Each structure stands twice: as structure tokens, then as C-alpha cells.
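The values are calculated or read from the model by the stated rules, or taken from the named source; none is laboratory data. Because the structure is predicted, anything quoted here is derived from the model rather than measured. No Cβ is skipped: glycine too gets one built from the backbone with ideal geometry, and neighbour counts run over all protein chains shown. Accessible surface areas use protein heavy atoms only, side chains included; no ligands, DNA or RNA. Shrake-Rupley method; radii C 1.70, N 1.55, O 1.52, S 1.80 Å.
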Amino acid sequence: MKLQQLRYIWEVSKHDLNVSVTAQSLYTSQPGISKQIRLLEDELGVEVFSRSGKHLTRVTPAGEVILKIAGEILSKVESIKQVALEFSDEEKGSLSLATTHTQARYALPPIIKEFIDSYPDVSLHMHQGTPIQISEMAADGTVDFAIATEALDLFSDLIMMPCYKWNRSIVVPEGHPLTQVSELTLEDVARYPIVTYVFGFTGRSKLDDAFLSRGLSPKVVFTAADADVIKTYVRLGLGVGIVAKMACDEVAEGLVTLDASHLFEPSITKIGFRKGTFIRGYMYEFIETFAPHLTREVIEEAISRGTREEIDELFNHIELPTY
């Protein structure tokens, strides 16, 4: 069994079982990958992938288990490389993040600028996606850190730490009746069509819970993953926008922003990384720049704790900043 063979089956599984695309991504030949996979399967005595002719069709039950262990092995190998880099050059390397549009557009720009100014020889890569995609990328080692509000709790192999609390604003066109209301209520908002985030994005669950708790069923007429898109359609008159408050730092022409913090429970944005990840010095620095209460000592304490409940207990006494 060779490390290269484990890398090949892992990469093939991540490229939708497309050996040709995998070969291109690894700068090698398709026949070479296919041959090494066959050699590994012959050695193990089980198939990792089912086939139809020359095409891989699915991962076998045995393959599911083998791929999970292969991923853990490759992650450990990467950690060994990171240890070597840390001791050979503490300020060179790479850092990859996965996050949502809201975080990338509104929360992260000053953090990333400060980080790049401090570590000009670290290449930083940002991936955007849905909260589920973001969590998966962190869980399988595609990225170093996942930053999101939703979905991170679904992945037990991630160490998650709270960064900050945030709430929402109502966005309406100028002259809208809601601008004349002295103190907004959920009932006021529910009278109008709603334009907001896709379910599973940017604290949408808290929004739905708030209406449900009051027995209200607002008419959501348009959803998007991008606050800027939501504001565009509010300006067109589709409905009342509900977006993250941080997305209202720059109010678009023709729109009015109304504070809605009293209407909804605050959401918490978290940063997560895969258990067993070797955290380099500049990675600790990035986390602390983003969330100052997450010092190296606090992060190491979170890593040392065994369960999700024990990690959560660590942060129970910490008052999170509000964005």
C-alpha cells in the first residue's frame, strides 16, 4: 500500500468519481491513476469503487470506510508537512478559508488586509459556498478554517469556537409605511412580502423561529444568498428585506434601514477547523485578529477538550463582541 494510492482514491472521490478530471488536477495520467487504484484494490482484496465498464459508478460500503481512514492519514501527512514548515520558516505558507458571501463581503475585509500586511509571504485563499459546503470543506481538509453561522454544528469532527454575535436590519424603499412606525413589531413586518436569505444561510433559522414563536406565517416571496442581491430586489419593490445588520453599513440609494435587533434572537458566527489539524503560528494570529477573545491559550484549551459540550462550556462565561 502506497501513500500515492491513498491520495488517488481520495482525490477521485472528491472529483465525483471522474478519473479524467482527477488526473488533470494532479497533473498525471488517467491510466496511471486507474492502474494504482486497481493495484490497491487487489492488495486489499475489496473494491473501493463499483464500476460499469471503464467508469466508476459509486463508492462501495468497504470503500466508504477505507476513504474515511485514507482522509485521516492524508490529513496527518499534511500536518507533518506543516510542522516542518513551522520550524523552517514561521512566516511563510498558505491559509485557506471557506465562508459565506456575507462574511467575505462585510466582516472579513479589514481582517484579511491586516493579516496580509503582517504576513506578506502567506498566500491566502478564500472559498465561498453554502454553510453545508463550507463545513464539508473544513471537515474533509480542503480548507483550514470554516467561518459561518449555520451548519457547523452538523459536523462532529470540527472544533468550533464562537467569534461574535450579530443581528438583523429591515430594509425598505424610501417612503415605505414601515418607516413611519415608531417601534417595529414582527406583526408589522409580517404584513408585507418578505425578501431575505435562502434557508440555511446567514442565521435564517433564527428569523423563521421568531415568526413561528408569535404564530406568524410571513409570505417570503424571494430568497437569495447575497445581501446585495436582496437589497436590489427590495429596491425594485418586491418586498421588505431582512438582512444581516453588518450588510447595512453601506445603505444603497433609495433604501432606508430600520433596526430589527429587538425582533430576533442574535446569531453567532463561529470559526471551525478539523480535529487533528496542526495550527501554525500565523493561523493562531488570524483567528485572534478575527476574534480577539480567541487567544492561542484559549484555542489550545478548546483543542484539548474532548466533546462538543466541553468546548461549549469553555465559552459559556465569555461575553462575545457584537458586530
Which residues qualify? For residue 94, with a placed amide H closer than 5 Å and at least 5 residues away or on another chain, they are 123
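Could you provide, to the nearest whole Å², the per residue accessible area of segment 42-111 with probe 1.4 Å? Before the final figure, lay out each step's value.
Working: 3920 Å² over 70 residues.
Averaged over the residues of segment 42-111, the accessible area is 56 Å².
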Quick check for you: with a 1.4 Å probe and neighbouring chains kept, what is the accessible area per residue of segment 228-312, in Å²? 43
Rg/Rh for segment 101-158 to two decimals, with Rh computed the Kirkwood way over all alpha-carbon pairs. 1.00
Counting only protein heavy atoms and a 1.4 Å probe, tell me what percentage of the chain's accessible area is made up of carbon and sulfur. 52
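Around residue 143, what is the net charge, scoring Lys/Arg as +1 and Asp/Glu as -1 over all other residues with Cβ under 15 Å from its Cβ? Before the final figure, lay out the partial values.
Values: positive: 14, 270, 274, 275, 280; negative: 78, 136, 140, 144, 157.
Overall, the nearby charge balance is 0.
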With all protein chains modelled, accessible area of residue 303 [1.4 Å, Å²]: 60
Any idea what the dipole of the chain comes to, in debye rounded to 20, about its Cα centre with Lys/Arg Cβ at +1 and Asp/Glu Cβ at -1? 1140
Between residue 46 and residue 303, how many nm apart are label points set 7 Å from Cα along the C-beta direction? 3.2
Cβ-defined net charge surrounding residue 70, 12 Å radius [Lys, Arg +1; Asp, Glu -1]: +1
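How big is the convex hull of the Cα atoms of the chain, per residue, in Å³? Walk me through the numbers on the way to the answer.
Working: hull volume 56.8 nm³, N = 323.
Enclosed volume per residue, from the Cα hull, is 176 Å³.
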Span per principal axis, largest first, for the Cα atoms of segment 165-223 (Å): 31, 26, 23
Among the listed pairs 92/231; 92/275; 14/206; 14/81; 68/270; 245/270, which have their C-alpha atoms separated by more than 28 angstrom in this model? 92/231; 14/206
Any idea what % of Cα-Cα pairs in segment 1-156 are farther than 26 Å? 40
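Expressed as a whole percent, how much of the Cα-Cα distance distribution for segment 232-323 exceeds 20 Å?
Cα-Cα pairs of segment 232-323 separated by over 20 Å account for 54 percent.
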Amide proton proximity set for residue 168, modelled H, under 5 Å, gap of 5+: 245, 260, 261
Enumerate the whole-percent occupancy of each 10 Å bin, from 0 to the last occupied one, for all C-alpha pair distances of segment 1-90. 16, 47, 25, 9, 2
Just to make sure I understand: if all protein chains stay in place, what is the order of 250, 300 by accessible area at 1.4 Å, largest first? 250, 300
Projecting the Cα atoms of 306, 232, 169 onto the charge dipole of the chain, where Lys and Arg contribute +1 and Asp and Glu -1 at Cβ, the residue farthest towards the positive end is 232
Rounded to the nearest 20 debye, dipole of segment 85-144 from Cβ charges on Lys, Arg, Asp, Glu: 400
How big is the dipole moment of segment 49-194 about its Cα centre under a simple scheme where the beta carbon of each Lys and Arg is +1, that of each Asp and Glu is -1, and everything else is neutral? Debye, nearest 20, please. 660
Cβ crowding within 10 Å averaged over residues, with 205-217, 276-288 ranked highest first: 276-288, 205-217
What does the charge add up to near residue 167, with Lys and Arg as +1, Asp and Glu as -1, over the other residues with Cβ less than 11 Å from its Cβ? +2
With each run of n ≥ 4 DSSP H residues scored as -39500 (n - 2.57), what mean residue ellipticity at 222 nm is computed for the chain after dividing by its residue count and rounding to the nearest 500 deg cm²/dmol? -12500 deg cm²/dmol
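Out of the GluC sites (Glu not before Pro) in segment 136-221, which ones are loop residues according to DSSP with at most 14 other C-beta atoms within 10 Å? Don't skip to the end; give the middle numbers.
Details: sites: 136, 150, 174, 183, 187; in loops: 150, 174, 183.
Here the GluC sites (Glu not before Pro) that fit, given the DSSP loop and packing criteria, are 174, 183.
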Along the charge dipole of the chain, Cβ charges K/R +1 and D/E -1, which of 24, 82, 149 sits furthest on the positive end? 24
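Quick one: which of 309-316, 16-23, 191-198 comes out on top by average Cβ neighbours within 10 Å, and what's the full order, highest first?
Values: 309-316: 12.8, 16-23: 16.6, 191-198: 19.6.
Top of the packing list down: 191-198, 16-23, 309-316.
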